[in-house]
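In what follows, a structure is listed as structure tokens, so that the remarks can point back to it.
None of the figures in this text is laboratory data; all of them are computed from the coordinates on show. Note that the coordinates shown come from a computational prediction; the quantities given were computed from them, not determined experimentally. Here the Cβ positions follow ideal geometry from the backbone for every residue, glycine too, while neighbour counts run over all protein chains shown.
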Amino acid sequence: MAVNVTSRGNWVIAITLLLALILAILPLPSGIPAELGYLRPDWLALVIIYWTLALPDRIGLLTAFATGLIADLVLGSLFGLHALSLVIASSFTSASYQQVRMLAVWQQAILVAVMLSLVQLAVLVVILLLSQGSFSWLSFLIPLVSGLVWPWVFLGLRWLRRRFIN
């Protein structure tokens, strides 16, 4: 019986995206100042970036868009905002995945931080143009923290991919 290679391991990808969404939803413990929420990595973006980098033929813009819409619904944010940010991150990654794969993990971490800073800038523009809501410059800490966490996310997801997909 032949196994369909394209569907093999889809459950691993789905579970990691679900786990990233759960990490994004979890509230900070009581007594923790809200400003420390800006030190939380963008788990969804990190997972989308990894899977787009590792499996560009299977994970890309459509997965990023669908995941972002689900995140918008669950988090109650401006509809399409997470979808836009994840599509931008996925498109940056898919456009240069062959070069990024050749970099050391610490170099990838710097690239992830820069890329997510550009995504955060795009989100800032959308928020200011559409909703005239408040925006904190502290949100630019999120890409920096995401870059610091990238090596562990990369190594963990690579281990899962090698164990269950390849």
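Hydrophobic, long helices, defined as DSSP H runs whose alpha-carbon span along the helix axis is 18 Å or greater and whose mean Kyte-Doolittle value is at least 0.5, occur in the chain at 10-25, 61-75, 81-95, 105-126, 141-164. Estimated from helical segments only, the mean residue ellipticity of the chain at 222 nm is -21500 deg cm²/dmol, where each DSSP H run of four or more residues counts as -39500 (n - 2.57).
Which order, highest average first, do 97-110, 63-76, 80-93 follow once you tally other Cβ atoms within 10 Å for each residue and take the mean per peptide?
Listed from highest to lowest mean packing, they are 80-93, 63-76, 97-110.
Of Leu18, Leu44, Leu36, the residue with the greatest mean-square motion in the GNM of the chain, using alpha carbon springs below 10 Å, is Leu36.
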